[in-house]
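Laboratory data are not the source of any read-out in this text; all were calculated from the coordinates shown. The structure presented is a predicted model; accordingly, all values stated were derived computationally and were not measured. Positions of Cβ are backbone-derived with ideal geometry, glycine not excepted, and every protein chain shown enters the neighbour counts.
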Amino acid sequence: MKKNIFITATELVRSASILVLFLYLGKVIQYLSHLPIPGSIFGLLLLFSALSLRLIPLDYILPTGSFLLNYITLFFVPVGVGLLQYSQLLSTYWVTIVVSSVISTIATLISVGWLYQRLSK
């Protein structure tokens, strides 16, 4: 039983370490490039590339990834609380926000669908 707990703990540490490594690699790229893109986005792109090229096995990421996905709703609580600070601004521009959200969602769905059809041929 202790060996199983030890294996699970080491897998979680390895998985979390890989995720944190890619986060900080992304932050370094953002710092060096001075682009207005968050470092976490660069880190996600690097992680996606490493997983797609099979430089890192998916099994190495799954323990922490599964854990984070189970509790993803908790990450939206600070965002929701932060929006309360801007309730006056949101009530003034709610139509613009809703229309732009709907249009951008439709544009994303259409472009992803079109790209998938082009690449699947």
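In nm, give the distance between the simple-model label positions of Leu25 and Leu74, each being 7 Å from the Cα along the Cα-to-Cβ direction.
2.7 nm
Taking every pair of distinct Cα atoms and averaging 1/r, then inverting, what Kirkwood hydrodynamic radius in Å comes out for the chain?
About 18.1 Å, per the Kirkwood formula over Cα pairs.
As I understand it, the value is the acute angle between the Cα axis of helix 2-33 and the longest principal axis of the Cα atoms of the chain; what does it come to in degrees, rounded to 10?
Here the helix axis deviates by roughly 50 degrees.
Would you please put 22-32, 86-96, 44-54 in order of how densely packed they are, using the mean number of other Cβ atoms within 10 angstrom per residue and starting with the highest?
Working: 22-32: 15.6, 86-96: 9.9, 44-54: 13.1.
Listed from highest to lowest mean packing, they are 22-32, 44-54, 86-96.
Between Thr108 and Leu32, 0.36 nm times their residue separation minus their Cα-Cα distance comes to what?
24.4 nm
For Val13 and Val81 in the same chain, what is the full-extension length gain: residue separation times 0.36 nm, less their Cα-Cα distance, in nm?
21.4 nm
If you average the C-alpha positions of the stretch 34-49 and of the stretch 62-91 separately, how far apart do those two centres end up, in angstrom?
So the two Cα centres are separated by 20 Å.
Which value, in debye to the nearest 20, describes the size of the charge dipole of the chain about its Cα centre when Lys and Arg Cβ atoms bear +1, Asp and Glu Cβ atoms bear -1, and nothing else is charged?
It comes to approximately 300 debye.
With the cut-off at 1.5 for a/c, could you classify the stretch 23-77 from its C-alpha gyration tensor as rounded, prolate or oblate?
oblate
Once the Cα gyration tensor of the stretch 76-121 is found, what semi-axes does its equivalent ellipsoid get, as square roots of 5 times the eigenvalues, in whole Å, sorted largest first?
33, 14, 4
Using the C-alpha gyration tensor of the stretch 1-48, what are the square roots of 5 times its eigenvalues, in whole angstrom, with the largest one first?
32, 8, 5
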